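Read through the structure below, which is laid out as structure tokens, and then see the notes.
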Amino acid sequence: MSRFNVGAVAAVTLGIFLGATAFTFYFGKGASYLSSDPRACVNCHIMQDQFASWQKSSHKAVAVCVDCHLPASFFAKWRAKVENGYNHSVAFTLQNFHEPIRIHSKNKKLLLDSCMRCHAALVMAISAGHQNPPEDSRCTVCHSRVGHAAS
């Protein structure tokens with residue numbers, strides 16, 4: 001294959017990739033995910049119930065989705081946004097996700113870290129009387145509906 005043909009094939013391939021990426025970004029409202037607006041979470045129909053229940057919750061007045069579901073530090077937050085965005089786009093494109101949607105262990109850890117970031121003093125006061133708290137003690141065991149009120 002001549003150098004011209006290789007260059008042309010590379011240019012066409014790159015053009016197709018960039019075009020598909022731009023189309024997907026536009027169609028999937030990709031720019032909205034760069035914000036902290038909770039409405040970005042309902043771009044996909046699967047998150048409608050979570051959004052509706054958050055609107056009824058006690059946390060609506062003090063936190064949006066990214067406050068609880070992403071790390072607080074700048075670089076960790078954007079790394080998690082990119083990783084989750086990629087995973088979500090693959091899952092929704094291939095339609096291989098569980099309904100109702102479930103939180104994965106890595107994101108559950110981020111969520112629990114956020115609970116502690118905001119409520120550390122309260123948790124310390126409550127747990128002061130416990131000699132050995134259970135290994136799997138998690139805020140969401142007892143407070144599963146705090147961020148998302150029962151629908």
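Its Cα gyration tensor gives region 1-71 an equivalent ellipsoid. The semi-axes, each the square root of 5 times an eigenvalue, are 42, 11, 8 Å from largest down. I'd like the orientation of helix 74-94 relative to the chain: the angle between its Cα long axis and the longest Cα principal axis, in ° from 0 to 90, rounded to 10. Roughly 70 degrees, rounded to the nearest 10. Cross-link reach is defined here as a Cα-Cα straight distance under 17 Å, omitting same-chain residues fewer than 8 places apart; for Lys108 the lysines meeting it are Lys77, Lys81. Legend: Rg and Dmax of the chain, from Cα coordinates, 20.5, 77 Å. Over region 38-142, what is the mean sequence separation of C-alpha contacts under 8 Å (at least six apart), divided by residue count, expressed as relative contact order in percent? The value is 27 percent.
Values quoted throughout were computed directly from the atomic coordinates according to the rules given, and no laboratory measurement underlies them. None of the values given here were measured: they were computed from a predicted structure.
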